[in-house]
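The values are calculated or read from the model by the stated rules, or taken from the named source; none is laboratory data. Only a predicted model underlies this, so the values are computations on that prediction, with no experimental measurement involved. Because the Cβ atoms are built from the backbone with ideal geometry, glycine has one as well, and the counts that use them run over all protein chains shown. Heads up: the accessible areas ignore ligands, DNA and RNA and are worked out on the full protein's heavy atoms, side chains in. Shrake-Rupley method; radii C 1.70, N 1.55, O 1.52, S 1.80 Å.
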Amino acid sequence: MADTSQISPFVFGCGGGLVLNKDSFSYQPGETKVLQNFEPDVKGGYKKILGTTKWNSNIVPQVSSSSERVVMSAIFGSVVLAARGGSIQRVATGSGSWTSTITGLGTPTGNYTFRKFNFDGTDRIVMCTGTSSPQLLTSAFSASVINATGTANFKFVEIFKNHIFFAGDANNKQQLSFMGPFQTNDFTSSNGGGAIKVDTEIKGIKVFRDALFIFGQDKIFKLVGTSLSDFAITPVTRKIGCVDGGSIQELGGDIIYLAPDGLRTIAGTERIGDVELGTISKQIQQRIDDVTLDNITSLVIRNKSQYRLFYPVTTGAESGSKGIIGVIKTNPNTGQLGYEYSDINGLKVSSTDSDFISNTETIVSGGYDGYVYLQESGNEFTRSGTTAAIPGRYRSPDLTMGDPGIRKNMQRVIVNYTNEGAVDANLQVRYDFDASTTPQPASVPITTGNVPALYGSGVYGTSVHGQSGIPLVRQHVVGSGFTVALKVTDDSTNPPISLKGFELEFVPGGRR
């Protein structure tokens, strides 16, 4: 039996996120080598993500084929607009039938883009298909086609200084077209409309502060001014561009987008000019290199300071589809504000939107199976005909505890976590970089911690009343090695578990 007086503790909190660009000696203990379907939590630690449920139990009607994916899912008022096969349908949550709203838009070649606006007291949404003239829809679901002189099959749309701007016409890939102020179907110069060209193919447009940013294939520009008389374009950088407009989102006062060499923010690009451009995703560059450009789409979850980028391949099982989560957090190791990342696995997302319905942030996504889903809902992934458990994975770095030459005879692991219900997860200790020559013990269960009672929802005999702080769960473990790593697996359908930190207790052994 080990002499407990010789036990050494090693404590670390969960923070830093997924890191794939360090050697074993450079890792901070709280960083991870594997973080799948756990999100860096703005409240601290890593929390298993929530699941998906159907926004509406009925499939979006197909036009000509059951293989048609949902190329637009947009929250508009209290309904969702969904585009499939060249038509746009609408429906509220629940089990009601979809209502045909706009038809005859041609066979989709990519996702539709849209912007919501209100120029005169009436809420409107303008939508670009890339295969037909832009479509305009009022809150009363009155539809019209934008077909004044100068319109085309635009892919991108943005509202800037009370003007509607368009880009992405296949025959004018470098051109930015705009209507006059407060106009909804007039591009004429006599009423303030016009067109401006840049010297690169436009991949997306986005308003940021007092400028309209134009994301080119290999350059970025910004347009400033208030009207045709003083609109002016200046370059932000001529050395880097945006690979896909579907990646562009605003989060935390910055714009984040996917460049050829990783994720970047516009604020950072502006500050350092066009000399040296840094990315915000170097720690997961290996993952960025795997991103395919078949159908990139993204969204933000505002109350979590979270950016999600989805890059499903056109073919392949939903269980193998991937995405990236980025969260703005203060790094517990450096004290600096930055991004922490994790992987999403198992969501094959085709289109996205996030907005507020009755003051509640709502996140929807269209699927390759023809349904629209509500994200951040339930504890399973819902697919067209089935539900599936969310495969949660965490793996710490291979920890040397300050001395890689000393053998660590492990005694127990103290797990610091919170839970919102029953826990059915497993903990495994891995020695010496998972070496086959070192005995690797079997996994042990992580038991259910005490669930603090909430007024009106506490369960007698289960919930703990008056509890404060985060409980510690002690688990005896066996084995020894010169490096030690922890793995947590949660394939349950229980409410999310949030990993906060660990304490490893070991007895120092011989030196090799």
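How many residues does segment 383-398 contain that are open to solvent by less than 10 Å² (accessible area, probe 1.4 Å) and more than 16 Å from N345 (Cα to Cα)? Step through it out loud before you land on a result.
Restricting attention to segment 383-398, the residues satisfying the condition of being open to solvent by less than 10 Å² (accessible area, probe 1.4 Å) are 390, 392, 394, 396-398.
Filter once more, keeping what is more than 16 Å from N345 (Cα to Cα): 396-398.
Number satisfying all stated conditions: 3.
So V79 fits all but one of (1) in contact (Cβ under 8 Å) with a residue 40 or more places away in the chain; (2) within 24 Å of the chain's Cα centre (by Cα); (3) open to solvent by less than 60 Å² (accessible area, probe 1.4 Å); what number is the exception?
Exception for V79: condition (1).
For segment 208-228: of the residues being within 20 Å of N118 (Cβ to Cβ) and in contact (Cβ under 8 Å) with a residue 60 or more places away in the chain, which is least open to solvent (accessible area, probe 1.4 Å)?
My answer is S227.
Within segment 425-439, track down each residue that is loosely packed, with under 15 Cβ neighbours inside 10 Å and either modelled with pLDDT under 90 or closer than 20 Å to R393 by Cβ (or both).
Applying the first criterion (loosely packed, with under 15 Cβ neighbours inside 10 Å) to segment 425-439 yields 433-437, 439.
Of everything in segment 425-439, those that are loosely packed, with under 15 Cβ neighbours inside 10 Å and either modelled with pLDDT under 90 or closer than 20 Å to R393 by Cβ (or both) turn out to be F433, D434.
Could you look through segment 346-355, keep only residues that are open to solvent by 10 Å² or more (accessible area, probe 1.4 Å) and at pLDDT below 95, and pick out the one that is nearest to the chain's Cα centre (by Cα)?
Initial filter on segment 346-355 (open to solvent by 10 Å² or more (accessible area, probe 1.4 Å)): 347-348, 352-355.
Next, only the ones that are at pLDDT below 95 stay: 347-348.
Working: L347: 11, K348: 13 Å.
It comes out as L347.
Just give me the residues in segment 478-506 being β-branched (V, I, T) and farther than 29 Å from T448 by Cβ, in sequence order. Steps first, please.
First, the residues of segment 478-506 that are β-branched (V, I, T): 478, 483-484, 488-489, 493, 497.
Matches in segment 478-506: T483 only.
For residues in segment 362-382 being over 19 Å from the mean Cα position of the chain (by Cα) and open to solvent by 10 Å² or more (accessible area, probe 1.4 Å), which is farthest from M72 (Cα to Cα)? Walk me through how you get there before you give the answer.
If we filter segment 362-382 for residues that are over 19 Å from the mean Cα position of the chain (by Cα), which is where we start, we get 369-371.
When the remaining residues are screened for being open to solvent by 10 Å² or more (accessible area, probe 1.4 Å), the result is 369, 371.
Working: D369: 13, Y371: 11 Å.
This residue is D369.
Find the residue count for segment 314-345, including only residues that are open to solvent by 50 Å² or more (accessible area, probe 1.4 Å), within 20 Å of R395 (Cβ to Cβ) and hydrophobic (A, V, I, L, M, F, W, C).
Of the residues in segment 314-345, 0 are open to solvent by 50 Å² or more (accessible area, probe 1.4 Å), within 20 Å of R395 (Cβ to Cβ) and hydrophobic (A, V, I, L, M, F, W, C).
Please state which one of Q6, Q62 is open to solvent by 30 Å² or more (accessible area, probe 1.4 Å) and at pLDDT 95 or above. Walk me through it before giving the result.
Working: Q6 fails: at pLDDT 95 or above.
After applying the criteria, what remains is Q62.
Within segment 38-57, can one find any residue that is more than 30 Å from S342 (Cα to Cα) and either touching a Lys or Arg at 6+ places or on another chain (Cβ under 8 Å) or of a type outside the set (G, A, S) (or both)?
The answer is no; no qualifying residue exists.
In segment 231-244, how many residues are in a loop (DSSP other than H, G, I, E, B) and open to solvent by less than 70 Å² (accessible area, probe 1.4 Å)? Outline the logic, then answer.
Quick first cut of segment 231-244, residues in a loop (DSSP other than H, G, I, E, B) only: 231, 238-244.
Imposing the further condition that a residue be open to solvent by less than 70 Å² (accessible area, probe 1.4 Å) reduces the set to 231, 240-244.
Summing the residues that are in a loop (DSSP other than H, G, I, E, B) and open to solvent by less than 70 Å² (accessible area, probe 1.4 Å) in segment 231-244 gives 6.
For segment 482-512, how many residues are over 20 Å from V423 (Cβ atoms) and β-branched (V, I, T)?
Qualifying residue count, segment 482-512: 3.
Look through segment 124-147, keep the residues that are part of a strand (DSSP E or B) and of a type in the set (A, V, I, L, M), and return whichever of them is nearest to A170 (Cα to Cα). Spell out how you get there, then give the answer.
From segment 124-147, those part of a strand (DSSP E or B) are 124-128, 135-138, 143-145; that's our starting set.
Filter again for of a type in the set (A, V, I, L, M), leaving 125-127, 136-137, 143, 145.
Working: I125: 22, V126: 19, M127: 16, L136: 20, L137: 24, A143: 24, V145: 19 Å.
The selected residue is M127.
Take I301 and tell me if it is within 14 Å of the chain's Cα centre (by Cα) and farther than 27 Å from K22 by Cβ. Step through it out loud before you land on a result.
Numbers: within 14 Å of the chain's Cα centre (by Cα): yes; farther than 27 Å from K22 by Cβ: yes.
When the stated conditions are applied, I301 passes them.
Can you find a residue in segment 188-209 that is among the aromatic types (F, W, Y) and at pLDDT below 95?
yes
Residues in segment 253-262: is at least one crowded, with 17+ Cβ neighbours inside 10 Å, in a strand (DSSP E or B), out of contact with any strand residue (DSSP E or B) (no Cβ under 7 Å at 6 or more places or on another chain) and not hydrophobic (A, V, I, L, M, F, W, C)?
Yes: one or more hits.
Do we find that I125 is open to solvent by 10 Å² or more (accessible area, probe 1.4 Å), within 23 Å of Q183 (Cβ to Cβ), under 25 Å from the mean Cα position of the chain (by Cα) and among the β-branched types (V, I, T) in this structure? Spell out the reasoning first.
Details: open to solvent by 10 Å² or more (accessible area, probe 1.4 Å): no; within 23 Å of Q183 (Cβ to Cβ): yes; under 25 Å from the mean Cα position of the chain (by Cα): yes; among the β-branched types (V, I, T): yes.
When the stated conditions are applied, I125 does not pass them.
Please state which one of S97, S132, S144 is hydroxyl-bearing (S, T, Y), surrounded by 17 or more Cβ atoms within 10 Å (Cβ to Cβ) and touching a residue at least 24 places away in the same chain (Cβ under 8 Å).
Numbers: S97 fails: surrounded by 17 or more Cβ atoms within 10 Å (Cβ to Cβ); S144 fails: surrounded by 17 or more Cβ atoms within 10 Å (Cβ to Cβ).
Result: S132 is the single residue among S97, S132, S144 that is hydroxyl-bearing (S, T, Y), surrounded by 17 or more Cβ atoms within 10 Å (Cβ to Cβ) and touching a residue at least 24 places away in the same chain (Cβ under 8 Å).
Being within 23 Å of D294 (Cα to Cα), touching a residue at least 24 places away in the same chain (Cβ under 8 Å) and among the basic types (K, R): is that true of R90 here? Full working, then the answer.
Values: within 23 Å of D294 (Cα to Cα): no; touching a residue at least 24 places away in the same chain (Cβ under 8 Å): yes; among the basic types (K, R): yes.
No: the conditions fail for R90.
Looking at segment 181-207, which of its residues are under 21 Å from S229 (Cβ atoms), part of a strand (DSSP E or B), in contact with an Asp or Glu (Cβ under 9 Å, 6 or more places away or on another chain) and open to solvent by 20 Å² or more (accessible area, probe 1.4 Å)?
Scanning segment 181-207 gives a single hit, V207.
Working only within segment 147-180, note down all residues that are β-branched (V, I, T), surrounded by fewer than 23 Cβ atoms within 10 Å (Cβ to Cβ) and out of contact with any Cys (no Cβ under 8 Å at 6 or more places or on another chain). Explain how you work it out, then say what you get.
Taking segment 147-180 and keeping what is β-branched (V, I, T), we get 149, 151, 157, 159, 164.
Checking which are surrounded by fewer than 23 Cβ atoms within 10 Å (Cβ to Cβ) leaves us with 149, 151, 157, 159.
Within segment 147-180, T149, T151, I159 meet the criteria.
Out of D274, D290, report the one residue that is under 30 Å from E68 (Cα atoms), at pLDDT below 95 and either of a type in the set (D, E) or crowded, with 21+ Cβ neighbours inside 10 Å (or both). Even if it seems obvious, please write down each step before you answer.
Numbers: D274 fails: under 30 Å from E68 (Cα atoms).
Sole residue among the options that is under 30 Å from E68 (Cα atoms), at pLDDT below 95 and either of a type in the set (D, E) or crowded, with 21+ Cβ neighbours inside 10 Å (or both): D290.
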